[in-house]
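The values are calculated or read from the model by the stated rules, or taken from the named source; none is laboratory data. On a predicted model such as this, the values are computed, not experimentally measured, just so you know. Using ideal geometry, Cβ is built from the backbone for each residue, glycine included, and neighbour counts are taken over all protein chains shown.
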Amino acid sequence: MNILAIETSCDETAVSLVRAEGDLEQARFEVIGDALYSQAAKHASFGGVYPNLAKREHQENLVPLTIRALTEAKLLQAGECIIYDTFTDGIREKKFRDDVTAFLRTHAKPDIDLIAVTQGPGLEPALWAGISFAKAVATAWNIPIIGIDHMEGHIVSALLKKDKQTFTLVPPQFPVLSLLISGGHTELVLMKAWFEYELIGRTRDDAVGEAFDKVARILGMPYPGGPEIDRAAKRARERAVQSSRTARSEMKKENRIIYDTKANNVILLPRPMIHDVASDFSFSGLKTAVLYLVRDMKELSDEDRENIAREFEDAVRDVLVLKTKRAIEKTGAHMLVVGGGVSANGYIRAGLETLLKEYPDVSLHYPTEGLTGDNAIMIGIAAYMRHTAGKTQNEPVVATGSQTLAN
Ligand code: KG4
Ligand code: ZN
């Protein structure tokens, strides 16, 4: 079957066409059309995602991206479609309604069997852009529609294996523990069976990605801050390795022991809630600690910035790794899947890989390249899994805001 999937929960507008076949155990997917527009540059001056701007951008881009994805999939059907005003009732903004109406009037129903749309969690105005668009399209073309949880999408994307153009699913060995780390969420979720979730822990304040973005901003780095901090921390670590090498060779030359201060990061940041037995996280105190540190240091060199980035990343990694360790023991999970934008971070990955050496029976899974961040492919695939399992909800598709899949 062909699925049109739409994702607008945050600052990526994404439309994908996924061709899917097979049952829950042996599903295969081919991405036949994919169009993604990242608004990150537009939000950069705000240092984070500005919800109303995100909504406007989604509204601007949904029609062109849908045309692009359908064209790539060779599914675009120019032709007449009778459209009634009521089809676009869910769209309040006139320009968006006019754009959608004009698109639907001139395009007949393509060969699509299901429409999937992210219904939450996410920024409500942003979610509504995608949902109202998906509903209008589904009504005009008379195609069933299914609302998908964004976090389920991130979990599914970590279970995918890519072989040339085809994705297959790694068969989940339940219970599966998922560590979901993104700009909006930080959660440990236990997947007991397909579509059965239990929330093990979540952030009580900022999400990890949000902390990366805010700390980057404090250090004068552009949004999105995660990749910037990632690179800066790497430079600091490389410098430390280099200076410890130099120290070692000096040591050899002079036949004496030198205590190498440069190789040791002297900046210390807190590891919030690390000793708390609860599986919850908290990252806002860590960000504040960076803020005070920067304020007290007054002037920062590039090296200082990189050292702070390094210690921040160390603090985040320590907390994520230890909380994950405890959750593995508590839940007896057979698999650990890591999803969300922050799962692109190589240093955090390395920390989790080291952790799992202690648990040889637990396998570790990440999203394949290009699927760590928000995308519509994961939404289309999650929709297929639900559809195949007969879990197509009968409830109306509504934006669920910050509500997450386990509550
Ligand atoms: O999953 P995602 O694309 O969107 C949300 O659902 O939030 O995640 C975006 C977040 C941003 O906060 C971004 O700074 C962070 O993922 N991120 C990273 C890295 N790449 C993206 N954080 C740390 N290291 C990275 N390499
Ligand atoms: Zn996400």
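Here are a few things to note about the model shown:
- Screening Ser244 on (1) modelled with pLDDT under 85; (2) part of a helix (DSSP H, G or I); (3) within 34 Å of the chain's Cα centre (by Cα); (4) not acidic (Asp, Glu) shows it passes everything except condition (3).
- One residue alone among Glu353, Glu329, Glu299, Glu369 is of a type outside the set (Lys, Arg), within 30 Å of Ile131 (Cβ to Cβ) and surrounded by fewer than 14 Cβ atoms within 10 Å (Cβ to Cβ), and that residue is Glu369.
- Some residue of region 277-285 being within 25 Å of the chain's Cα centre (by Cα), under 18 Å from Met221 (Cβ atoms) and surrounded by fewer than 16 Cβ atoms within 10 Å (Cβ to Cβ): no
- Per-region count, region 133-186, residues in contact (Cβ under 8 Å) with a residue 24 or more places away in the chain and more than 14 Å from ligand 1 (Cβ to nearest atom): 31
- Consider region 1-60 and keep the residues that are among the basic types (Lys, Arg) and at pLDDT 95 or above. The one that is nearest to ligand 1 (Cβ to nearest atom) is Lys55.
- Phe29 passes every criterion in (1) aromatic (Phe, Trp, Tyr); (2) in contact with a strand residue (DSSP E or B) (Cβ under 8 Å, 6 or more places away or on another chain); (3) surrounded by fewer than 22 Cβ atoms within 10 Å (Cβ to Cβ) apart from (3).
- Counting only residues that are among the small types (Gly, Ala, Ser) and more than 18 Å from the chain's Cα centre (by Cα), region 48-72 holds 1 of them.
- Hits in region 337-353 - residues which are in contact with a helix residue (DSSP H, G or I) (Cβ under 8 Å, 6 or more places away or on another chain) and assigned to a helix (DSSP H, G or I): Gly341, Val342, Ser343, Ala344, Gly346, Tyr347, Ile348, Arg349, Gly351, Leu352
- Search result, residues across region 291-332 that are in contact with a Phe, Trp or Tyr (Cβ under 9 Å, 6 or more places away or on another chain) and farther than 22 Å from Ala207 by Cβ: Glu329
- Among the criteria (1) under 18 Å from Asp11 (Cβ atoms); (2) in contact with a strand residue (DSSP E or B) (Cβ under 8 Å, 6 or more places away or on another chain); (3) at pLDDT below 95, the one Thr166 does not fulfil is (1).
- All positions within region 85-104 that are surrounded by 14 or more Cβ atoms within 10 Å (Cβ to Cβ) and in a helix (DSSP H, G or I): Phe87, Thr88, Phe96, Arg97, Asp99, Val100, Thr101, Phe103, Leu104
- Among the residues of region 68-84, those identified as among the β-branched types (Val, Ile, Thr) and either exposed (fewer than 14 other Cβ atoms within 10 Å of the Cβ) or out of contact with any helix residue (DSSP H, G or I) (no Cβ under 7 Å at 6 or more places or on another chain) (or both) are Thr71, Ile82.
- Residue within region 206-217 that is more than 16 Å from ligand 2 (Cβ to nearest atom) and part of a loop (DSSP other than H, G, I, E, B) present: no
- First in region 109-122 and touching a residue at least 24 places away in the same chain (Cβ under 8 Å) and within 13 Å of ligand 2 (Cβ to nearest atom), second anywhere and basic (Lys, Arg) and in a loop (DSSP other than H, G, I, E, B), Cβ under 9 Å, 6 or more apart: none
- Residues (more than 15 Å from Thr186 (Cβ to Cβ) and either within 16 Å of ligand 1 (Cβ to nearest atom) or in a helix (DSSP H, G or I) (or both)) located in region 327-336: Ile328, Glu329, Lys330, Thr331
- Taking the listed residues Gly346, Gly370, Gly401, Gly351, the one that is without any contact (Cβ under 8 Å) to a residue 12 or more places away in the chain, within 16 Å of ligand 1 (Cβ to nearest atom) and not acidic (Asp, Glu) is Gly370, with no other qualifying.
- Test: residue in region 356-366 that is closer than 22 Å to Arg317 by Cα, in a helix (DSSP H, G or I) and more than 12 Å from ligand 1 (Cβ to nearest atom): yes
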